[in-house]
Amino acid sequence: MIPINAVFGLGLLIFFIGLFGVLFRKNLVIMLMSLELLLNGVNVLLAGLSYHMRSPRGSIFAIFIIIMAVSEAAVGFGLVLSYFRQKKTYDMDEFNELKG
Amino acid sequence: MIAGLIFYFFAALAVLSSLFVVTRKNAMHSVMYLAFTVLSVAGVFFSLQAEYLGAIQILVYGGGIVVLYIFVIIIVNLNEIKPERRKLFPRMFIFSLPALLFLQVINVLFTNRPTPPAGPEAGLSFISFAEMLFSTYLIPFEIASILLLAVLIGAIIVARKKLLHDPD
Amino acid sequence: MFVLIPLFPLIGVLLNGLLGIRFFSKRVVHTIAVGAVGLSFLASVGSLAGLLRSAEPIIVKTFYSWIPGSVVRLLGGRAASVSFDLAFRYDSLAAVMTLVVTGVGLLIHIYSIGYMSHDKSCARYFAYLNLFTFAMLILVLGANLAVMFIGWEGVGLCSYLLIGFWFTKDSAANAGKKAFITNRVGDFGFLLGAALLISVLGTLDTAGITAAVESGSMSKGLSTAAALLLFLGAMGKSAQIPLYTWLPDAMEGPTPVSALIHAATMVTAGVYMVARLHALFSFSGTALTVVAVVGALTAVYSASMGFVQNDIKRVLAYSTISQIGYMFIGLGVGAFSAGVFHLMTHAFFKSLLFLAAGSVIHALSGEQDMRKMGGLRKSIPKTHAVFMIGALAIAGVPGLSGFFSKDEILAAAFASGSYGVWALGLLGAGMTAFYMFRLIFLTFYGPERVDPEAKHHLHESPNVMIIPLAVLAGLSIIGGYIGLPHVLGGGRWFAAFLASSTGEHQVQLAAGTEILLMLVSTAAALAGIFGAYVVYLKNEGRPAERFTARFKALYQVVAHKYFVDEFYNGVIVGGVLRLGRLFTWFDERVVDGLVNGAAWLTRKAASLSMGFDTHVVDGAVNGIGTVHRLLSAGLRRLQTGYVYNYALAIVLGIVIIISLVVTIL
C-alpha cells in the first residue's frame with residue numbers, strides 16, 4: 001500500500017515546481033512547459049485519490065485533464081507562433097500591449 | 001512492497017526532472033527533461049494501478065506534446081533569447097505567494113484524511129474504468145471529442161501565416 | 001331726598017359736556033349749569049329740613065353692592081366678611097358740607113357767567129364746574145372710604161382740568177400738572193391708610209370704623225399708623241406742609257375756579273375727611289397731635305409768605321393755606337365741630353375775597369400785580385365794600401363770622417393744654433390781619449399806580465358778578481352767629497348740631513378765661529390791622545422797603561417761598577429724572593449690550609458654521625475626490641499589461657481564497 005500522504009506530497013511538489021516555473025521564467029516556451037507540469041501534478045494527485053478510494057473516478061477525471069492539456073497546448077502554440085512572427089522575441093517582459 | 005518501491009523510485013525521478021525543467025536556460029534541455037518527467041509520471045501512474053492512465057500519458061504527453069514542443073523550438077529558433085534578469089524584491093514577493101499557497105494546501109490536505117468508502121466501489125480494474133467512462137461520464141467524453149475537433153481547427157487557423165480576411 | 005343732591009350737577013355735566021360744547025348757545029349753557037347747581041342747593045336745603053325733622057341723625061342709603069362680601073382673614077387673625085357698597089350717608093356733617101358746596105357753588109356759578117363772558121370755551125368751563133360739584137358731593141356723601149375716594153379723585157381731576165383751563169398757556173398747564181401730581185402723593189397715603197384699615201378692621205364704612213375703634217378692636221399703634229397715612233392724603237388735598245406747593249401755582253386758573261376749589265370746597269376735603277373719621281383720630285392721640293402741630297406750623301409759615309407776595313391772588317392763596325391750618329388746629333385739639341365751623345365761615349369770606357379780587361382784576365382788564373394798583377376805592381366802590389367786609393372777617397374782627405370760628409378754635413386749643421399751638425394760632429391771627437390789610441391798602445388806598453391803559457377801561461363789574469359778592473358778604477357777617485358761644489349769650493347751636501356726627505367736645509374753660517382769650521385775639525387782630533395801616537398807608541410802604549433793605553437775605557428767602565419749590569424740583573423731580581436717566585443708561589448699555597452681544601454671537605456662530613462648511617464639509621468632499629485620485633493612481637499600476645503579472649495576480653487570488661476557506665472552515 002502506498003500511503004496517500006506520499007502521493008499527495010508528490011503531486012503537490014510537481015504542482016508547485018510547475019508554479020514556480022510559470023511565475024519565474026521569462027521564456028515563454030518554458031513557461032508553457034511549466035504549465036504542463038502543473039497539469040501533471042494535478043493528475044498525480046487525482047490518480048492517487050483514485051487509488052486510495054479504489055474507484056476509477058479519479059483517473060477518468062485525469063483523462064479529461066490530459067485532453068484539456070493537449071488542446072490547450074495546441075492552441076497555445078499556434079498563438080505563440082503568430083505572436084513570435086510579430087514580435088520576433090520570446091521575452092515576456094516585452095508582452096505589454098495591454099498596458100494602458 | 002514492491003509497488004511502493006517502484007512508486008518511490010518514479011516519484012523521485014519525476015520531482016528531479018521537473019526541477020530541471022524549470023531551471024534550465026537552454027530550452028532544448030528543458031524539453032528533454034520534460035520528456036523525462038512525463039515518463040516518470042507515467043511510471044507513477046502504473047504503480048498506482050492506473051494502467052490506462054499511464055498508457056495515455058505516455059502516448060499523448062510523451063508522443064504528442066513533447067514532440068510538439070521540440071518542433072516549436074526548432075521553428076522559432078529559441079536560442080536568441082536574452083538572459084534573464086529579475087530584480088530581487090519582486091522575486092521575493094513572487095516567491096512568497098506560491099510558498100503560502102503550498103503551506104495552506106498542505107495544511108488542508110494533511111488535516112483532512114480522505115476515508116475510503118465503506119461499500120464496494122467499482123474497483124481499480126480497467127473494466128470498471130471503462131464502464132464508468134462510458135456510462136456515468138459519457139457526455140463529458142463526447143464533448144471532449146468535439147473539443148479536440150475544435151482545437152484542431154482552431155490551432156490551424158491561429159497558426160496560419162495569412163490573415164483570415166485576405167481579399168483573395 | 002338727599003340722593004338727588006349730586007344728581008343735578010351730573011345731568012348738567014352730561015348735557016353741557018357732551019352737547020353744549022357744540023350745540024348750545026351761551027345762554028343755554030349758563031342756564032343748564034346754574035340751574036343744575038341751583039336745584040342741587042334746593043335739594044340740600046330740603047334734605048336738611050328732613051334731617052332736622054326726623055328722629056334719626058343718620059341716614060344711610062345703599063345703591064349697589066360694588067364688591068360683594070368675601071371672607072378674609074384680617075391682620076389680627078379674625079375672619080370677617082369684607083364688602084364695599086356704593087352707599088351714601090347723610091348726617092349733620094354731610095348736611096353742612098352739601099349746603100356749603102351747593103350754596104357757595106351756586107353763587108360762584110352765577111358769578112362765572114359774568115367773569116367768563118369773554119371766554120369762548122364757555123361750555124367746557126361750566127361742564128367742568130358741574131363735574132367738580134358732582135365729585136365733591138360724592139365725596140361728602142360717601143358712606144365709606146371707597147366712595148369717598150371716588151369723589152376724592154374726581155375733585156383732584158377737576159382741579160387739574162380747571163387750573164389748566166387755559167391750557168395753551170405753559171404756566172397754566174404746568175400748574176395743573178403740579179396740582180394733580182402733588183395730590184397724587186397724598187393719595188398714596190390715603191390708599192395705604194385705607195388698605196391698613198381694611199386689613200385690620202375689614203371695613204371702610206364710616207359707621208363700621210367708628211364702631212370698631214370705639215369697641216377697641218384696633219391697637220393704638222395701628223390706628224395711629226392708619227390715621228397718619230390718611231392724614232397724608234388730607235395734607236395733599238388741603239395743601240398743608242409739605243404738600244402745599246401746588247396751591248399758589250393753581251392761581252393760573254380762572255378766579256372763580258380759585259374761589260370754588262381752593263377756598264370753599266376742594267381744599268376742605270381733607271378737613272372733612274378727618275372730621276368724618278374723628279373716632280379713629282381721637283382714639284390715636286398721637287395722630288391728633290400731629291394734625292394740630294402741622295396745622296399750626298402751616299398757619300404761621302404760610303402767613304409769613306403772604307407778607308411779601310405782590311400778586312393779589314397769590315396772597316389769597318397763601319391765606320387759604322394758612323386758614324386751613326387753623327381748621328386742622330381745631331380738629332387736632334379735638335374740637336372737630338370747631339374745625340368744621342371755621343370751614344364754613346372760611347368758605348364764605350374766602351370765596352368772597354377771591355371773587356372780589358376777580359372783580360378787581362376784571363376791572364383792571366387782567367392786571368393782578370398789586371404794585372400796579374392803588375386808590376381803586378373811588379373807581380370800584382362796590383368791590384371795595386365787599387372786599388373790606390371779607391378782610392375784616394378773615395382778620396377775626398369781632399362781630400363777623402371769622403371771629404367766632406377762629407376764636408372757638410383758639411379757645412379749644414388753650415383749653416386742651418396745647419399752649420404752643422395756641423400761641424402759634426394767635427401769632428398767625430395777627431399775621432393774617434396784617435397781610436390782609438396790606439392787600440387792602442395797596443389795592444384800594446394810597447396813590448394810584450395803575451397803568452394808564454388799564455385805567456382807561458376801569459369800570460365796575462356787572463351786576464351778575466356783584467350780586468353773588470353781596471350775598472357772600474352778607475353771609476360773612478351773619479354766618480358766624482349760629483355758633484355763638486355760651487359765654488356771649490348764644491346756644492352754640494352749630495356745635496350741638498354737629499355733635500351727632502363729630503362727637504361732643506366741651507370746652508372746659510371758665511367763662512372769664514374765655515372772654516380773656518377773646519380779647520387777646522381781638523387785640524392781635526387790631527394790632528395787625530394797625531401795623532398794616534402804619535406801614536402801607538401812612539408811610540406808603542417805606543418802612544417795608546427799609547426792612548427789606550436791612551434784612552435782604554430774609555426777604556429773599558421769604559419772597560422765594562423759602563425755596564421750597566426749588567428744593568422739590570431739585571431733589572424729588574431731579575431725583576426721579578436722574579433715576580430715569582440711570583434706567584435709560586442701563587437699558588442702553590446692558591440690555592442693548594446684551595442684544596448686540598447676542599447679535600454678535602449669532603454672527604460669529606454663522607461665520608463659524610460657514611468656516612465649518614467650507615473647511616470641513618467641503619474638505620471632506622474634496623478629500624474623497626483626492627483619495628479617489630490617489631487610489632486610482634495606485635490601482636492603475638496594477639494594469640501593467642504584463643501577462644505574467646496577471647498570472648501572478650491569479651495566484652495571489654487563489655492564495656487569498658484558500659486562506660479564507662481554510663480559516664473559516
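Throughout, read-outs are computed from the coordinates displayed, never taken from laboratory work. Being a predicted model, the structure only gives us computed values, none of them experimental. Cβ coordinates were reconstructed from backbone atoms using ideal geometry, including for glycine residues, and neighbour counts include every protein chain displayed.
Table for the structure above
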{"read-out": "At 0.692 mPa s and 37 °C, Stokes diffusion of segment A:4-89 via Kirkwood alpha-carbon radius, µm² per second", "value": "236 µm²/s"}
{"read-out": "Alpha carbon centroid spacing (whole Å) that separates segment C:345-371 from segment B:1-77", "value": "156 Å"}
{"read-out": "Estimated vicinal HN-Hα couplings, Hz - segment C:88-93 in sequence order (Karplus 6.51, -1.76, 1.60; Gly, Pro = x)", "value": "10, 10, 10, 9, 5, 4"}
{"read-out": "Peptide B:52-63, shielding by other chains (average Cβ, 10 Å cutoff)", "value": "4"}
{"read-out": "Per-peptide average of other Cβ atoms within 10 Å, ordering C:88-99, C:413-424, C:167-178 highest first", "value": "C:88-99, C:413-424, C:167-178"}
{"read-out": "Ranking of C:Leu191, B:Leu152, C:Leu630, C:Leu439 by count of other Cβ atoms within 10 Å, fewest first", "value": "C:Leu630, B:Leu152, C:Leu191, C:Leu439"}
{"read-out": "Segment A:4-89, relative contact order [Cα under 8 Å, separation at least 6], %", "value": "26 percent"}
{"read-out": "Neighbouring partner chain Cβ atoms per residue of A:35-47, average, 10 Å criterion", "value": "5"}
{"read-out": "Whole-number Å³ per residue for the convex hull built on Cα positions in chain C", "value": "304 Å³"}
{"read-out": "Per-residue ³J(HN,Hα) for segment C:306-313, Karplus 6.51 cos²θ - 1.76 cosθ + 1.60, θ = phi - 60°, Hz, x for Gly and Pro", "value": "x, 5, 10, 6, 10, 8, 4, 6"}
{"read-out": "Net charge of Cβ neighbours under 15 Å - reference C:Ile110; Lys, Arg +1; Asp, Glu -1", "value": "+2"}
{"read-out": "Charge tally in the Cβ shell below 13 Å around C:Thr584, where Lys, Arg are +1 and Asp, Glu are -1, C:Thr584 excluded", "value": "0"}
{"read-out": "Length-normalised contact order of chain C in % [C-alpha pairs under 8 Å, at least 6 apart]", "value": "11 percent"}
{"read-out": "D_trans [Stokes-Einstein, Kirkwood Rh over alpha-carbon pairs] for the protein assembly as shown, 37 °C, 0.692 mPa s, µm² s⁻¹", "value": "85 µm²/s"}
{"read-out": "Violating pairs (Cα-Cα greater than 21 angstrom) within the set C:Lys120/C:Lys177; C:Lys178/C:Lys372; C:Lys177/C:Lys313; C:Lys382/C:Lys406; C:Lys169/C:Lys313", "value": "C:Lys120/C:Lys177; C:Lys178/C:Lys372; C:Lys382/C:Lys406"}
{"read-out": "Karplus-derived HN-Hα couplings along segment C:657-662 (A = 6.51, B = -1.76, C = 1.60, θ = phi - 60°), whole Hz, x at Gly and Pro", "value": "5, 5, 4, 4, 4, 4"}
